[in-house]
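Colleague: Next up is a structure, given as C-alpha cells.
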Amino acid sequence: MDYKGAVEYYARYGVDVEAALERVSKIPVSINCWQGDDVRGFENPDGELTGGIQTTGNYPGRARTVGELRADFDVAASLIPGKKRINLHAIYLDADGKNVGRCDIEPRHFDSWIDWARERGLGIDFNPTCFSHPMSDSGFTLSSPDRAVREFWIEHCRRSRDIAEYIGKTLGDTVVTNYWVPDGHKDTPADRLGARQRLAESLDEVFRRPVDKKYNKDAVEGKVFGIGAESFTVGSNDFYLAYAISRGVLWTLDAGHFHPTEFISDKISTALLFMPEILLHVSRPVRWDSDHVVTFDDELRAIACEIIRAGADERVHIGLDFFDASINRVAAWVIGTRNMQRALLYAALEPSALLKKYEEEGDYTSRLALMEEYKTFPFSDVWAEYCERASVPSDGAWLDGVRRYEAKILAERR
Ligand code: RNT
Ligand code: ZN
C-alpha cells in the first residue's frame, strides 16, 4: 500500500491520518544525553558509576568530551523524526576542562549547552546528579543520617534547580528537572521512618525557594531497588506519589522501577486524575532495572496509547532513560527514540473512538477483534510518510549514516 491508500484504509475506521501526523509532530521526546557516554559526564569521566545503576558492555566509541557528545547527538538527531529535547545531568557541565564541584556548579557552566540547543531548536531538561561522588559513597544523599552529607546534596540540588530555571528563562522554555537519589539499604533497615522523614525534609529544603513554573518544573522519581540497595529504597514509588501530590511537584514514573509484572502504562490514567502533570522515564527493564534500549514492544505501545487516548499530550512529559554500552551508542539513541516516536504515531492512529464505543456497548468481542486487526493496519506507510516529511530515512537505511560516522569518527576514539 502507499500513503494515500493507507489514509483511505484508516478513514474506514474513523481515523484522520493527517490529524494524527500533525498531532504527533508536536509531542516532544526528551532524549537522555547519558546514553552517549555510559552516564559518565564531564566532571570526572574516569570515575566510577555508582548509585546502584550500571552500564554493561565496552563497545568502542564512547563520547569523552562535550564536543564529542554533541557531535554524536547531532548524528542521532538527524535520523530521528519529531520534536526533540535533550535531557542533561549536572555532571554534563561545560567547565572548559576545569574541575568544578557539585556544590560549585553555576548557570554559566551550561551556557554553551544553551547556545547549542538554541541553534538546533531543542529544549533542555535537567537533573541533579546525586551519585558517582565520594559524598554518596555511604549509599545515602538527601536522606543521610549525617547532616553534612544531607546539606551537601541539598546545596547541589538547589543549584541544579537554579540552573534549570536559568536555562528555561534563557531559552524561553519550560525545563523539567528530575530528582532521583539512590538512597537505600543493602539489608533490612531498622528505621525506615527516620530515613523517609529526612528525605522529605531535605526535598522541602530543595524546593523552598519559589520557582517560576513557566521556566522550571520539578519532578521526583522513586524506584524499588538498586544494586547494593536491594532491601530498602528510601524514595519508594509510594513515597514520591504522596510527596508529589502533597507538594505539587511532578511524579516521575520510570518503566524499570517496578516489579516485573507491574507496568507504568496502567498508572498514567490514575496520575492524570489527581495531578496536573507527570514525567515518564521510558526505559526497558530486562529481568531487572537494566535500562535496555527502548524497543517497539507491548508496553511501549501501551504507554503511548494511554497518553494519546487521554489527550494528555501536554500533561505527560516524555523522557527516555536507557544506557547500553554494548552496541553503537549513536545507534542506541536512534533506535530508542525512533521507537518512542513510532509508538506515539501508532497510538495516534488507533481507532480509539470505535474501540471505546464497543466497550461502552459491552461488545468485547468486537473490541478484541479490532484491537488485534489494528496491529497489522498499514502503519508502515504512514510512518514512512512521517519520516519523509521530517527529512529522515523512513526505514533501516538510517543505519548506513551511523556506520559511516562510526568508521570515520567513532573508530578513532581509542
Ligand atoms: C536510576 C534512575 C535515574 C537514572 C538517570 C541517569 O535508576 O532511573 O533516572 O537512570 O537519571
Ligand atoms: Zn529513570
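Colleague: Test Phe232 against the criterion of being within 29 Å of Gly168 (Cβ to Cβ) and either within 16 Å of ligand 1 (Cβ to nearest atom) or without any contact (Cβ under 8 Å) to a residue 40 or more places away in the chain (or both), and give yes or no.
Modeller: Numbers: within 29 Å of Gly168 (Cβ to Cβ): no; either within 16 Å of ligand 1 (Cβ to nearest atom) or without any contact (Cβ under 8 Å) to a residue 40 or more places away in the chain (or both): yes.
Taking the combined requirement at face value, the residue does not satisfy it.
Colleague: Then there's this: Take the conditions away from ligand 2 (no atom under 16 Å from the Cβ), buried (at least 21 other Cβ atoms within 10 Å of the Cβ) and modelled with pLDDT of 95 or more and apply them to Val39. Does it pass? If you could, list the steps in order and put the result at the bottom.
Modeller: Working: away from ligand 2 (no atom under 16 Å from the Cβ): no; buried (at least 21 other Cβ atoms within 10 Å of the Cβ): yes; modelled with pLDDT of 95 or more: yes.
When the stated conditions are applied, Val39 does not pass them.
Colleague: How many residues are in contact with a helix residue (DSSP H, G or I) (Cβ under 6 Å, 6 or more places away or on another chain) and either within 16 Å of ligand 2 (Cβ to nearest atom) or more than 30 Å from Trp383 (Cβ to Cβ) (or both) when one looks only at the stretch 14-32?
Modeller: The number of residues fulfilling the criteria is 2.
Colleague: Answer yes or no: is there a residue in the stretch 167-186 that is within 15 Å of ligand 1 (Cβ to nearest atom), β-branched (Val, Ile, Thr), surrounded by 20 or more Cβ atoms within 10 Å (Cβ to Cβ) and not in a strand (DSSP E or B).
Modeller: yes
Colleague: Here's a follow-up. Here is a list of conditions, (1) more than 16 Å from ligand 1 (Cβ to nearest atom); (2) closer than 18 Å to Leu88 by Cα; (3) small (Gly, Ala, Ser); (4) surrounded by 21 or more Cβ atoms within 10 Å (Cβ to Cβ), and Ser144 meets all of them except one; can you say which number that is?
Modeller: (2)
Colleague: Would you mind stating whether Ala255 is of a type outside the set (Asp, Glu) and either touching a residue at least 12 places away in the same chain (Cβ under 8 Å) or touching a helix residue (DSSP H, G or I) at 6+ places or on another chain (Cβ under 7 Å) (or both)?
Modeller: Details: of a type outside the set (Asp, Glu): yes; either touching a residue at least 12 places away in the same chain (Cβ under 8 Å) or touching a helix residue (DSSP H, G or I) at 6+ places or on another chain (Cβ under 7 Å) (or both): yes.
Considered against the rule, which asks whether it is of a type outside the set (Asp, Glu) and either touching a residue at least 12 places away in the same chain (Cβ under 8 Å) or touching a helix residue (DSSP H, G or I) at 6+ places or on another chain (Cβ under 7 Å) (or both), Ala255 comes out as yes.
Colleague: Looking at the stretch 120-140, which of its residues are more than 14 Å from the chain's Cα centre (by Cα), more than 16 Å from ligand 2 (Cβ to nearest atom) and at negative phi?
Modeller: Arg120, Leu122, His133, Pro134, Met135, Ser136, Asp137, Ser138, Phe140
Colleague: How many residues does the stretch 391-403 hold that are out of contact with any helix residue (DSSP H, G or I) (no Cβ under 9 Å at 6 or more places or on another chain) and either assigned to a helix (DSSP H, G or I) or farther than 30 Å from Asn58 by Cβ (or both)? Write out each step before concluding.
Modeller: Step one: filter the stretch 391-403 for residues out of contact with any helix residue (DSSP H, G or I) (no Cβ under 9 Å at 6 or more places or on another chain), giving 391, 396-397, 400.
With the extra rule that they be either assigned to a helix (DSSP H, G or I) or farther than 30 Å from Asn58 by Cβ (or both), the set shrinks to 391, 400.
Here the count works out to 2.
Colleague: Give the residues of the stretch 171-201 that are in contact with a Pro (Cβ under 8 Å, 6 or more places away or on another chain) and among the polar types (S, T, N, Q), sorted by residue number.
Modeller: Step one: of the stretch 171-201, the residues in contact with a Pro (Cβ under 8 Å, 6 or more places away or on another chain) are 177, 179, 194-195, 198.
Across the stretch 171-201, the qualifying residue is only Thr177.
Colleague: Does Ile31 satisfy the criteria of being touching a residue at least 24 places away in the same chain (Cβ under 8 Å), surrounded by 18 or more Cβ atoms within 10 Å (Cβ to Cβ), touching a strand residue (DSSP E or B) at 6+ places or on another chain (Cβ under 8 Å) and closer than 30 Å to Lys98 by Cβ? Can you show your working first?
Modeller: Details: touching a residue at least 24 places away in the same chain (Cβ under 8 Å): yes; surrounded by 18 or more Cβ atoms within 10 Å (Cβ to Cβ): yes; touching a strand residue (DSSP E or B) at 6+ places or on another chain (Cβ under 8 Å): yes; closer than 30 Å to Lys98 by Cβ: yes.
Here the answer is yes, as Ile31 does meet what is asked.
Colleague: Is one or more of the residues making up the stretch 34-52 without any contact (Cβ under 8 Å) to a residue 12 or more places away in the chain and over 30 Å from Met371 (Cα atoms)?
Modeller: Yes.
Colleague: I've got another one for you. For the stretch 19-44, what are the residues that are of a type outside the set (Ser, Thr, Tyr) and away from ligand 1 (no atom under 15 Å from the Cβ)?
Modeller: Here is the first cut: in the stretch 19-44, the ones of a type outside the set (Ser, Thr, Tyr) are 19-24, 26-29, 31-44.
Ala19, Ala20, Leu21, Glu22, Arg23, Val24, Lys26, Ile27, Pro28, Val29, Asn44, listed by residue number.
Colleague: Could you check the stretch 190-210 and list, in sequence order, the residues that are in contact (Cβ under 8 Å) with a residue 24 or more places away in the chain and under 26 Å from Lys267 (Cβ atoms)? Show your work before the answer.
Modeller: Keep residues of the stretch 190-210 that are in contact (Cβ under 8 Å) with a residue 24 or more places away in the chain, which gives 192, 194-196, 198-200, 202-207, 209.
The answer is Arg192, Ala195, Arg196, Leu199, Ala200, Ser202, Leu203, Asp204, Val206, Phe207.
Colleague: Restricting attention to the stretch 249-307, and to residues there that are crowded, with 17+ Cβ neighbours inside 10 Å, of a type in the set (Lys, Arg) and farther than 17 Å from Gly235 by Cβ, which single residue is farthest from ligand 1 (Cβ to nearest atom)?
Modeller: Arg301
Colleague: Okay, next question. Quick one: which of Ser283, Ser269 is without any contact (Cβ under 8 Å) to a residue 40 or more places away in the chain and in contact with an Asp or Glu (Cβ under 8 Å, 6 or more places away or on another chain)? Working first, answer last.
Modeller: Working: Ser269 fails: without any contact (Cβ under 8 Å) to a residue 40 or more places away in the chain.
None of the others qualify; the one that does is Ser283.
The values are calculated or read from the model by the stated rules, or taken from the named source; none is laboratory data. Given the structure is predicted, the values throughout are model-derived calculations rather than measurements. All Cβ positions, even for glycine, are placed from backbone atoms using ideal geometry, and neighbour counts span all protein chains on display.
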